[in-house]
Amino acid sequence: MADRNNVRSLDDPNIWVDTPATIFDAVPPYPPRTEREAEFYHLRDGELLINLGPQHPSTHGVLRVVLKIDGERVVDLDPVLGYLHRGVEKICENGDWHHAISNCDPLEYVASLFSEAMPVLVAEKLLGLEVPRRAEYIRVLTWELNRIASHALYTGWQALDMGGLTPILYGFIERDEIVEMLAALTGQRMLFNYLRIGGVNGDLNHDFLSRLGDWMSHAGTQLEANAQLLNENEIFVRRMRGLGIVDREAALRTCLSGPVLRATGIPYDVRRAHPYSVYPEIEFDIPTRAEGDCYARFMLHLDEVRESIRIIDQVLHEMPDGPVMAKVPRLIRIPPGRAFIAVESPRGQYACYGMSDGSDQPFRLRIHDPSFFNLQIMNSMLPGNLIADMMAIFASLDPIMGGIDK
Amino acid sequence: MRQHGDTTEIRVSPAHLTEVLRRLRDDDEFRFEVLADVAGVDTGDEMWVVYHLWSALSPDWLRVIVDGLPRDDPRVPSVTALWNGAEWAEREAYDMFGIIFEGTRDLRRIYMPPDYTSFPLRKDFLLPDDAARSPGEGFRHMEQAHQPAEQLRDPRLRRSRVD
Amino acid sequence: MSVLTRPWGRLTLAGKVILPLLLLLVLLTVGLLAGWSIGLLPWLLDLGLTIVDDNIDIVRFVVAATAILLFTVPTAFVVGFIELKVIAFINSRIGPNRVGPWGTLVAVFHGLKMLAKEDFTPTGADVPVFTLAPVVTFLATVLTLLVIPFAPGLVGLDMNIALLYFFAISGLTVVGLMMGGWSSFNKYSLLGGMRAAAQVISYELPLLLAPVGVVMLAGTLSLNQIVANQAGWFWDWYVWQQPLAFIVFFIAATAEGNRTPFDLAEADQEIVAGFATEYSGMRFGFFYFAEFVNVFILSALMVVLFFGGWNAPVDVAPILSGLGITINPALDPGSLGLGLVLGLLIVPPLIILALTLPIWLLKSHWSFLKSVVVAFILFNVIVGTFVGLWAYMSFETVAGLFWFAVKTLTFVFLFAWLRGTLPRVRIDQLMGWAWKWLVEIALLNIFLTAGAILLIQELGRR
């Protein structure tokens, strides 16, 4: 039971006092270690430190943000990460290259085929392995399905963070069909564990194809219903338009990627910038928008879903026959080398820098998650907005804590 | 300078890093405006910091390796003046390896708790040793965060002999 | 027997329900036995009756108030159920369907669940204020039911300043919200309480200004009189004469009741549960209870002011007299004679059969006998209520209640519909709308109404 006498009053000008901190303080109980910390934890008159804690109904995962607010306005914020840190990179170093696949799966748990692609593509690049074309096409198909599923969820929780209870359920209707489809193919609804070094784990089966056919006939209708519900909705638009504007210069300097970057007008998409897999042979556009606000990001996600449906269409038509897995030894020993690969995940550029030292364990798998960098824009974008805006902006950045915290 | 397939690799010393990256970013013939990744590496002998850049002029990646950092005192100038987004990546490299980036305003631990004593991704980090040494040993409630760990040791508990 | 010495917070759910009843029972028994044995009982009864006769007004008021307080409980259950089901259907879900028949008992069990939860006060909270906050909010909401006319003659207290009383009392909810926000030793609650207070206060102005037009048309603040003035066909209702006032009132009522799109006070995506973050158990139950009852009350007020209250949309009196049908205001079974016997033999089985068929067809896995039993129970419930109401109240009362309930529940449905569809408005946009738009439109409406009344009087004079 904390002693009531230890509670410091709000008028106390001296923050760094000797009384021990109680559970009511967001201020850390040690002196500031960096100048940024000192600047942040120095409260002016009327400012309040509020802890948007790791347990919160609406931070997408366990993110703790210490907000410095003045009334309703956010003056400054300090995100505290690490609540979901699982030591993925270290664990990958202790296991096999194959173990790394299922280990990296939960990094982007919403669209996990992209995070699985990390060790797979790095190993293939280090080995110089040629993946069969059918496997490449299947990969692209499942990647795009995953992208649509992730964007369906995004539109849902963008509205949910603003109080609309319905769009997330419509998004889940869309996602549920896709996820059931992928479960018929991979055996799992969420953490698929489907990509393998050299191909994919198993060919397309009849169940998957029939579900895919059914789904293609009404692809994206739920998302269009969502769009109908929200795009012209006065309340929604007024809360999102002009909010959280990111300009091009700031976007490049903050190393953003993905829809957040494309909404500012920069057409950087890894599928076109540094083509991998069979993307050079597929025809699709890169949707961009120029305003850079939350509404632009929201509309951009819907545009990307339409592009993904186009890609899936082409892939289905041009799918070649052949094996789905290259001839790879059971125990993969990769000659020493370094490689860097990047894929375009629903959140941005998902990159991995892999080093191998000749043994069967990866020497270093450094995973660069787009949400990690995208989240940094909050520090510059958020001050001056209201707390309610903070939730809207935060949702529009589409962060996944699994990747941020690794 | 080395070519690895579709990636060009250059090695830079820490002193020249800022200048090289600035030239690469601002020069019109390079225009490496996209910083794709900042990574720390512990090669066992020494520490590296690896930057990956991309330019709109070519589809290849450029890898800039800052090598030769000693394992007990790795110091690298920070690139946050050029790219804001490198701030958290540098914090992560510090947290995981202990690489100190000079010139950042905010070099704190980002994943591990603020009073953690080891650097997890180093090659000499072993979990059982660390658990016995770190303040994480012994469960402490939030209200006791200010008390040093020694005060909490219950002499009746069996403790590991590893020191 | 240690259960009797436990404090309230340490009881289980069953304990919380049974022990007070037991206590009441014991007290009653002891009191009656003592009175009977001493011989005081007849004298006490006489004394009681004389007191009641002398102060019949006060007694009537007490009975009315108790009835209304008891009435809020099933109201909250009904409103809660409607909201859950409507939002579920909008979300393409089913909603609660296990707890009662088609999930109807879900709100009852939510209430019992609140009793079963741990009842604590957070460290550092201001305990008296913390305990009283839900009480104040609840009372401020429920006391307003005293003046709402449910049916002709069925109004708690027919004051001639009923509308003023209504707004005065409902303004006290702000006090309750602020108390709740401040006394829980929590920054989120403080923020939520401030937001809620700001919102409610801002929207009180349009809420008060909008019915002024209606008051001008009716010439009285008495709600009973306002409803009586709207008797006749549905085009006599005030909503056609005061459409602007209705729109303003509807928006202001949505904001007063903390309903989406104006529910920032309890926006659980932003500030957890706002001012009610630190509340648990029945205290939290009180806040939510108050909210559901508030929805009902605001709907009822809207119906009373604009939609004719307990009046039917059509004027039945001329039709009935035209057709020659007179409905006996009070039912007298003795006057029916042989017809009564036939009626009792034939009509109930017919009605039971009529009820069985849809049940048996819809619930195809039930046997016919099971459907007959269910239909029999349903028949008893419906006819029993109907006959009971008819016997103790006049037909007008029953009809009035029916129409009042239909209209009010339509508005409750409308509130739930809005909640399932719209996202939330931001606090500064919300305050902007109240102060920059609604107050102005309400004032404009008052001027227009006054001008129109004067104009019509002038034209009438000429």
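The values are calculated or read from the model by the stated rules, or taken from the named source; none is laboratory data. As the structure is a prediction and not an experimental result, all values here were calculated from the model. Every residue, glycine among them, receives a Cβ derived from its backbone with ideal geometry; neighbour counts consider all protein chains shown.
So, in segment B:106-141, of the ones that are surrounded by 14 or more Cβ atoms within 10 Å (Cβ to Cβ), under 25 Å from B:Glu46 (Cβ atoms) and more than 12 Å from chain A (Cβ to nearest Cβ), which residue ends up modelled with the lowest pLDDT? Looking at the filtered set, the residue picked out is B:Arg133.
Against the test of being of a type in the set (A, V, I, L, M, F, W, C), over 30 Å from C:Thr397 (Cβ atoms) and in contact with a Phe, Trp or Tyr (Cβ under 7 Å, 6 or more places away or on another chain), the options C:Leu190, C:Leu205 yield a single qualifying residue, C:Leu190. If you go through segment A:149-159 and keep only what is touching a residue at least 60 places away in the same chain (Cβ under 8 Å) and either hydroxyl-bearing (Ser, Thr, Tyr) or under 23 Å from A:Phe114 (Cβ atoms) (or both), you end up with A:Ser150, A:His151, A:Ala152, A:Tyr154, A:Thr155, A:Gly156, A:Trp157, A:Gln158.
The one condition from (1) surrounded by 24 or more Cβ atoms within 10 Å (Cβ to Cβ); (2) closer than 20 Å to A:His98 by Cβ; (3) more than 8 Å from every other protein chain (Cβ to nearest Cβ) that A:Asp369 does not meet is (2).
Comparison of C:Ala133, C:Ala107 shows that the only residue that is of a type in the set (A, V, I, L, M, F, W, C) and closer than 21 Å to C:Thr12 by Cα is C:Ala107.
Can you confirm whether C:Val142 is buried (at least 19 other Cβ atoms within 10 Å of the Cβ), at pLDDT below 90 and under 20 Å from the mean Cα position of the chain (by Cα)? So C:Val142 fits the description; yes. If you check C:Asp263, C:Asp268, C:Asp236 for being among the acidic types (Asp, Glu), modelled with pLDDT of 80 or more and surrounded by fewer than 24 Cβ atoms within 10 Å (Cβ to Cβ), only one passes: C:Asp236.
Contact annotation: residue pairs with Cβ atoms under 6 Å, 6 or more positions apart or on different chains, pairing a residue in segment C:82-93 that is facing another protein chain (nearest Cβ under 7 Å) with a partner that is β-branched (Val, Ile, Thr), are C:Ile90/A:Thr166; C:Asn91/A:Thr166. For segment C:412-435, the set of residues classified as farther than 19 Å from C:Leu298 by Cβ, within 14 Å of chain A (Cβ to nearest Cβ) and not polar (S, T, N, Q) consists of C:Pro423, C:Arg426, C:Ile427, C:Asp428, C:Met431, C:Gly432, listed by residue number. Can you tell me which residue is nearest to the chain's Cα centre (by Cα) among those in segment A:165-212 that are of a type in the set (S, T, N, Q) and within 30 Å of A:Leu331 (Cβ to Cβ)? Across segment A:165-212, the extreme among qualifying residues is A:Asn193.
Within segment C:235-249, residues that are closer than 19 Å to C:Leu223 by Cβ reach partners that are of a type in the set (Val, Ile, Thr) and assigned to a helix (DSSP H, G or I) with beta carbons closer than 6 Å, at six or more positions or on different chains, in the pairs C:Tyr238/C:Val214; C:Gln242/C:Val214; C:Phe246/C:Val239; C:Val248/C:Ile441.
Just wondering, is there one or more residues in segment C:443-453 that are assigned by TED's automatic domain parsing to the domain that holds C:Val227, closer than 30 Å to A:Leu230 by Cβ, assigned to a helix (DSSP H, G or I) and modelled with pLDDT of 80 or more?
Checking segment C:443-453: not a single residue is assigned by TED's automatic domain parsing to the domain that holds C:Val227, closer than 30 Å to A:Leu230 by Cβ, assigned to a helix (DSSP H, G or I) and modelled with pLDDT of 80 or more.
For segment A:82-115, how many residues meet the condition of being crowded, with 22+ Cβ neighbours inside 10 Å and closer than 20 Å to A:Leu331 by Cβ? The total comes to 6.
One residue is enough: does segment C:305-321 have a residue meeting the conditions at pLDDT 85 or above, among the charged types (D, E, K, R) and touching a Gly at 6+ places or on another chain (Cβ under 8 Å)? No, there is no match, as no residue in segment C:305-321 is at pLDDT 85 or above, among the charged types (D, E, K, R) and touching a Gly at 6+ places or on another chain (Cβ under 8 Å).
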